[in-house]
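Working notes for the structure below.
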Amino acid sequence: MKKKSEWMKRVFVDNYHASMSSPKPYRRLRRTLFLVMTTTFLVPLIMVTWLSYYEYRSFLLANLRWNAESAKRTVETFLAELQTVLIFTADGQTFEDLTDQNNLKKLYHRLKSNYPGVVDLGIIDHTGIQRGYAGPFDLLGKDYSDRECFKAVSVNKTFIGRVEMGYRQVPHFCIAVSSLDPDTGQSWVFRTNIDVTTLDKYIEKTASGGLSDVFLVTSKGEPLLQSSSRHFGPPLSPYPYELPHDRHGITITEETEGTDDIVLKAVSYIDGTPWALVLIKQGYVYGKDWSFFKVRLFYIVLTSTILALLVILRITKLFVERIREADEKRESMLAEIEHTSKLASIGRLAAGVAHEINNPLAIISAKTGLVMDLLELSEDFQYKEKIESEIRGTADAVERCKVITHRLLGFARRMDVTLEPININNLMREVLSFLDKEALYRGINFDLNLGNSLPVIESDRGQLQQIFLNLVNNAIDAIDKDGRITISTRKRDQNSIQIDVIDNGKGIPPDIISHIFEPFFTTKDHGEKKGTGLGLFITYGLIKKLGGLISVQSIVGVGTTFTVILPIKIKSRRRGQNVESKSPGS
Amino acid sequence: MSKVKVLVVDDEKEFANTLAERLNIRGFDTSAVYCTEDALALIHAKKIPDVVLLDLKMPRMDGMETLAEIKKYDPTIQVILLTGHGAGVPLTGIDRGKHGAFDCMMKPADINELTMKIKHAMAKRQASQNRGVDG
């Protein structure tokens, strides 16, 4: 228990004192709250932003990969189709049929009408001599035995060659298939040259999806362009980058060109050809998408961060304000409790002292009384008068002490609260009737400002009389001569009524107003009218006992208002206390 | 007419003796004892007072118990309680009637007031004796 209470003290009382001593803890609390809330908000935001950033990036990469696959399939399909046409033609006709120039020309024209990119057709016998030719040049009888297309097709049956300029200085490439003459048992080659512009057109078709460039390069040796590139120029221009070593699948690399230009490059080797397909996403297209995305993301993050910070600032401020208000309320409640308990302990102490003094006082009183009795009975003697006067002085002093001890004991005595229905307006009139003469004598007017529909309250008549007699008496003393005392009553809320005793007397200075409910505190002049300093102390105690509150407001030179708030019904807890207080003591 | 017999019971010897002396000067037949046991012994020994001035707080047996004992012995004996203590003293009419005390006064009591109360108490005792019942 002790530990718990110490802990609670540390948390509440120490913090309370700390918080009251300076506004720093509130600033710290505000800062902490702000940081915690900001972090709580910003961490998910940053994570979502980061995820969006990388998701978008991987989306771009996937898109490029898809483009590369699609372009590669297009090129492969185009080449496969041409190869198939050659193979079917070779298989469908004999070497003799095809070396017949008329026959070959017909075939050439048929083929060219379907495939405008076909430049020429040629039939090469097993020695490498072109035996049949149809096309724009005079190539009949040309020796191809040293050419790559003849050598390679003899081994692989099909061949697709690199792009060359040839005799026409027009870039083209060769497709060749070999076939076997069943009569002679010797192989021959059926070849065609295809204009690169045809390939360009096909590749062009695949350059969708925001690609900036698609082209073919040679897959072996120094890379040379095999189709037209927007960036690197016409076929056979050098391609300035190295190709990836991995010849399978699609390799995507990211490179920076210049200062900010990020280039995404996809490279895919095309099987059965000397080519690799290169796709480039670069510069304005890739950059525009990307920077648009980045700018949009930036503005979304910036706007939501600013909004969140504003909301967090506002919430934090409100929250800390509420805490501060609650603290202040608690502070005033603690001060009130402290004040009440201080008065209660002073009251108990005073009553204890009064009791201890009362017995010796009773002896002094009895002794002086006896001496006076004896003096009265005795004959005159020297100093008799003097002794009588001295003894009377002693008796007066004892009487004064008696007034004090009796009032203190009266206060401490836990008298029963006898509850009865009370019309507070009637009670106020009764109280004032006790003081009519005094007021008249001093030229003081009573103003009654009594509420009309006041509820009948449940309280103790005798104690209420004492409370208001004390307050009005004080008001009379504060005015001294010629003034006005206003008594006003009103219903305060559903549970309480309020009585104000307002005088236009001299007022109470601010430095002593906090002490007026303490015992033995008096401002009344020492003399005939001197006070015991117990009136307001007892009034305070009685009002508390009846479940009420008393407060005071005063302006020096203007007057003083005592406000008493009484419950319409005294709470049962309080009644319980009173029942308990009936148990007799000594 | 014989003097009114008053018994002062108070553990403060000085107070008891002085009060007895003052009452004697005022024509009462007053004696003083300093504990409740002595007071009850006197009563049991048929030295019955008319009025008892009884201090509430005394060692061993307090005033309220003594009051009950006295009333048990003779309900017509009138008891005036004297107290130096404020707390818990049954001063109200209801309590006074319940416990059977004639009155209760706080110390230091005014001698004239006390004298008056003794006389009233005596009158009540006589009335009770005449009726043969306690009032």
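Taking a Cβ cut-off of under 11 Å around A:L111, the surrounding Lys, Arg, Asp and Glu residues balance to a net charge of +3, with basic ones at +1 and acidic ones at -1.
Annotation: peptides A:373-385, A:473-485, A:423-435, A:36-48, ranked by per-residue average of other Cβ atoms within 10 Å with the highest first, follow the order A:473-485, A:423-435, A:36-48, A:373-385.
The figure for B:K47 is an accessible area of roughly 140 square angstrom, using a 1.4 Å probe on the protein chains alone. When +1 charges are put on Lys and Arg Cβ atoms and -1 charges on Asp and Glu Cβ atoms, the dipole computed for region A:417-478 relative to its Cα centre reaches about 120 debye.
For the residue pairs A:K105/A:K201; B:K5/B:K71; A:K220/A:K281; A:K329/A:K491; A:K106/A:K157, the alpha carbons lie more than 19 Å apart in A:K105/A:K201; A:K220/A:K281; A:K329/A:K491; A:K106/A:K157. Report summary: the helix-based calculation at 222 nm, which adds -39500 (n - 2.57) for every DSSP H run with n ≥ 4 and divides by the residues of chain A, gives -18500 deg cm²/dmol.
Mind checking how much accessible area A and B bury in total, 1.4 Å probe, in Å² rounded to 100? The buried area between A and B, both sides summed, comes to about 2400 Å². Here B:K3 sits with roughly 120 square angstrom of accessible surface, probe radius 1.4 Å. The slack in the chain from A:Y56 to A:E390, taken as 0.36 nm per residue of separation less the alpha-carbon distance, amounts to 109.2 nm. The charge dipole of region A:73-196, taken about the Cα centre with unit charges on the Cβ atoms of Lys, Arg (+1) and Asp, Glu (-1), comes to about 340 debye, rounded to the nearest 20.
Based on Cα contacts under 8 Å between residues 6+ apart, chain A shows a relative contact order of 9 percent. For B:R22, neighbours were defined as the other residues whose beta-carbon sits under 10 Å from its Cβ, and their charges (Lys and Arg +1, Asp and Glu -1) total 0. Of the residues A:E328, A:E76, ranked by 1.4 Å probe accessible area with the largest first, the sequence reads A:E328, A:E76.
Residues of region B:2-38 whose accessible area, computed with a 1.4 Å probe over protein heavy atoms, drops by at least 30 Å² once all protein chains are present relative to their chain alone are B:E12, B:E14, B:F15, B:T18, B:E21, B:R22, B:I25.
Here the mean projected area of the convex hull built on the C-alpha positions of the protein assembly as shown is 64.6 nm². Of the residues A:G393, B:N130, A:I129, the one whose Cα sits farthest towards the positive end of the charge dipole of the protein assembly as shown is B:N130 (charges of +1 on Lys and Arg Cβ, -1 on Asp and Glu Cβ, taken about the Cα centre). Using heavy atoms of the protein chains and a probe of 1.4 Å, the accessible area assigned to A:F232 is about 50 Å². Surface listing: B:K46, A:K402 arranged by accessible area from highest to lowest gives B:K46, A:K402, probe 1.4 Å.
Taking amide H as placed 1.01 Å from N in the peptide plane, the amide H of B:M61 sits under 5 Å from that of B:T36, each at least 5 places away or on another chain. If R0 is taken as 35 Å, the Cβ-Cβ distance between A:K24 and A:T340 corresponds to a FRET efficiency of 0.70. Taken along the Cα-to-beta-carbon direction at a fixed 7 Å, the label points for B:Q129 and A:D246 span 13.3 nm.
Heavy-atom accessible area with a 1.4 Å probe sorts A:V311, A:V155, largest first, into A:V155, A:V311. For the pair A:K437 and A:R484, a Förster radius of 25 Å applied to the C-beta separation gives a FRET efficiency near 0.90, rounded to the nearest 0.05. Remark: chain A carries 56 Å² of accessible area per residue (probe radius 1.4 Å; ligands, DNA and RNA excluded). Overall, the ratio between the Cα radius of gyration of region A:392-477 and 2.2 N^0.38 Å, rounded to two decimals, is 1.39.
For A:V119, the residues whose modelled amide H falls within less than 5 Å of its own, excluding neighbours fewer than 5 places apart on the same chain, are A:N193, A:I194, A:D195. Per the Cα gyration tensor, region A:67-204 maps to an equivalent ellipsoid with semi-axes of 24, 16, 15 Å, ordered largest to smallest.
Its relative contact order, with pairs defined as Cα atoms under 8 Å and 6+ residues apart, puts chain B at 21 percent. Beta-bridge orientation, the protein assembly as shown: approximately 75 percent antiparallel, per DSSP, counting only bridges with both partners inside. Stokes-Einstein diffusion for chain B at 10 °C, viscosity 1.306 mPa s, with a Kirkwood radius from C-alpha pairs, works out to 108 µm²/s. Roughly to the nearest percent, how much of the accessible area of the protein assembly as shown is carbon and sulfur, given a 1.4 Å probe? Answer for the protein assembly as shown: carbon and sulfur cover 56 percent of the accessible area.
The values are calculated or read from the model by the stated rules, or taken from the named source; none is laboratory data. Only a predicted model underlies this, so the values are computations on that prediction, with no experimental measurement involved. Don't worry about glycine lacking a Cβ; one is built from the backbone with ideal geometry, like all the others, and counts go over all protein chains shown. To get the accessible areas, we keep the full protein, side chains included, count just its heavy atoms, and leave off ligands, DNA and RNA. Shrake-Rupley method; radii C 1.70, N 1.55, O 1.52, S 1.80 Å.
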